[in-house]
1. Just to verify a result, which residue in the stretch 239-269, among those that are charged (D, E, K, R) and closer than 16 Å to LEU280 by Cβ, is least open to solvent (accessible area, probe 1.4 Å)?
2. Quick check, is VAL354 out of contact with any Pro (no Cβ under 6 Å at 6 or more places or on another chain), open to solvent by less than 20 Å² (accessible area, probe 1.4 Å) and away from the ligand (no atom under 16 Å from the Cβ)?
3. Given the conditions (1) modelled with pLDDT under 95; (2) of a type in the set (Phe, Trp, Tyr); (3) surrounded by 24 or more Cβ atoms within 10 Å (Cβ to Cβ), and given that TYR324 satisfies all but one, which numbered condition is not satisfied?
4. Which residues, counting only those in the stretch 118-132, are touching a residue at least 40 places away in the same chain (Cβ under 8 Å) and either out of contact with any helix residue (DSSP H, G or I) (no Cβ under 9 Å at 6 or more places or on another chain) or open to solvent by less than 30 Å² (accessible area, probe 1.4 Å) (or both)?
5. Name the residue, out of ALA275, ALA303, that is under 25 Å from ILE76 (Cα atoms) and either of a type in the set (Phe, Trp, Tyr) or in contact with a helix residue (DSSP H, G or I) (Cβ under 8 Å, 6 or more places away or on another chain) (or both).
6. Given the options ALA158, ALA100, name the one that is of a type in the set (A, V, I, L, M, F, W, C), open to solvent by less than 30 Å² (accessible area, probe 1.4 Å) and in contact with a helix residue (DSSP H, G or I) (Cβ under 6 Å, 6 or more places away or on another chain).
7. Against the conditions (1) assigned to a helix (DSSP H, G or I); (2) touching a helix residue (DSSP H, G or I) at 6+ places or on another chain (Cβ under 9 Å); (3) at pLDDT 95 or above, where does ALA228 fall short? Just the number, please.
8. Of these, VAL111, VAL163, which one is of a type in the set (A, V, I, L, M), open to solvent by 10 Å² or more (accessible area, probe 1.4 Å) and within 16 Å of the ligand (Cβ to nearest atom)?
Amino acid sequence: METIADTTFPVQYEQLEELAKRKLPNDVFDYVQSGAGAEETLRANRQAFEQWKIVPRFLKDVSHLSTKVKVNGTEIAAPILLAPIGMQGIVHGEGELASARAAAKENLPFVSSTVSSYSMEEIASETHGVRWFQLYYPNDPAIAKSLVERAETAGYTAIVITVDTAMLGYRERDRSNRYSPFLLGKGIANYEADAVFNERMSRSENASFLDEMKKIFYKSSLCWEDIAYLRSITTLPIYLKGILSAEDARTAADFGIEGIVVSNHGGRQLDGCIASLDALSSIKKEVGDELTILFDSGIRRGADIVKALALGADAVFVGRPYLYGLAVDGEVGVQRVLKQLKEDLFISLSLAGVSSLKELNEQWVQRA
Ligand SMILES: Cc1cc2nc3c(=O)[nH]c(=O)nc-3n(C[C@H](O)[C@H](O)[C@H](O)COP(=O)(O)O)c2cc1C
C-alpha cells in the first residue's frame, strides 16, 4: 500500500490550504476560503468541533471495522461524499471532471453543482462513479423540470435541493475584491446545455445570457410547494441541503423526501447562524428514524467525521478540503485528500473503540 510518506502532498489541512493560497490568485482563494459577513459562522463551525470531544471505549475488538456504508441504497467506501461546489474551473482547468474521476476512484459519491464549470452530461461521461445532482431551484418550473430530467438521463441517482440560498450570502471579501465567478461566466455550463433555457433565451430579445440566467437561477420565493412539485415530477430520491432546525426537518419528513443535509453552506450564506454541528442532535431526535441525515460544514479530519456521525449523521459532505486538493494537484490532489480522510477516519474510529459504524451514537461524544 502506498503510504502518505511516499508523497510530498501536504498531510495537514492547514498546509494544504496554504499551498492552495500560494497557487491561486488572491480573489479566487478568498472566494473559496471565505464566509459571509464577519465570518462568525465560518469560525463557529470549527469551534463546535473543538467543543465536542470523543469519549473512547477500550478493550473492544476493532479488528473487523469497515468504513463501508450504504447511502441512498448504494454501498460506498466510507460515509463521505464530495459536497456540491460550483465553478470548479476557477481553481483548476479540469474542474469537476477531475474531482468526479477522483471520487469514483475512491468509491465515494460526487455531488455535482447546478453551477458547475462543465455540464452534468460532460461530468457523467468522465466517470462511472456514483453521482448526485445538486439543484439551485430556478425561478422557472420548466427549467427545474428540465434540469432534473437531464440529471436522471445522465445517471445521477439523487437530487440535492439547496434550500439556504434564496439569494447569495453577503460575502464581504468577494465584494471588496469585486470578484464574482458567476459574472465571469464560470458556472453556466448546465444552462448553456439546457434546451428549455435556450428556448427561453430565443424568446427574450437582446437579453444577454448571464442577465437571463441571473433572473431565474435563484428562486427567492422557494417554498414547500416547490418541493412537492419536484417530488411529483421525479422518482429520484430528494435531499434538502441547508436544514438547521428540527422544525424544518420535521416538515421535510412530512413531505415524503428521503433525506436532509444539515448544513450552513460552510458559513457562506447566513452569517451569525448556528454551527452546523450544533444542529445535529435535535434533528436526529426529531427525524432520525425517518430520514437519512447527511451533514456538512467544517469537516477537516477523521475525528470530525466521528463526532458528526456520533451526533446523528449517516454520512458527511466534505467541501473546501477537496477543492484545495484540486487547486494544488488536480485529480491526483483530490484523490490524495480523499485517501487521507478515509485513512484518518478509519484510524479515528478504531481508536475510539468503534467496532461497527452502526453502534456509533451520542454516547461517544461529550461537550467539553
Ligand atoms: C467555493 C465553494 C462553492 C460552493 N458551491 C456550492 C454550490 O454550487 N451548491 C451548493 O449547494 N453548495 C455549494 N457550496 C457549499 C458546499 O456544498 C458545502 O456546503 C460547504 O463547502 C461545506 O463546508 P466545508 O467547505 O467547510 O466542508 C460551495 C462551497 C464552496 C467553498
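The values are calculated or read from the model by the stated rules, or taken from the named source; none is laboratory data. Quick caveat, the model's predicted, so the values are computed rather than measured. Cβ atoms come from the backbone with ideal geometry, glycine included; neighbour counts cover every protein chain shown. These area figures cover heavy atoms from the full protein model, side chains too; ligands, DNA and RNA do not enter into them. Shrake-Rupley method; radii C 1.70, N 1.55, O 1.52, S 1.80 Å.
1. LYS241
2. For VAL354, the condition - out of contact with any Pro (no Cβ under 6 Å at 6 or more places or on another chain), open to solvent by less than 20 Å² (accessible area, probe 1.4 Å) and away from the ligand (no atom under 16 Å from the Cβ) - is met.
3. Condition not satisfied by TYR324: (1).
4. Answer for the stretch 118-132, where residues must be touching a residue at least 40 places away in the same chain (Cβ under 8 Å) and either out of contact with any helix residue (DSSP H, G or I) (no Cβ under 9 Å at 6 or more places or on another chain) or open to solvent by less than 30 Å² (accessible area, probe 1.4 Å) (or both): SER119, MET120, TRP132.
5. Going through ALA275, ALA303 in turn, the sole match is ALA303.
6. Result of the check over ALA158, ALA100: ALA100.
7. (2)
8. Only one candidate passes the filter, namely VAL163.
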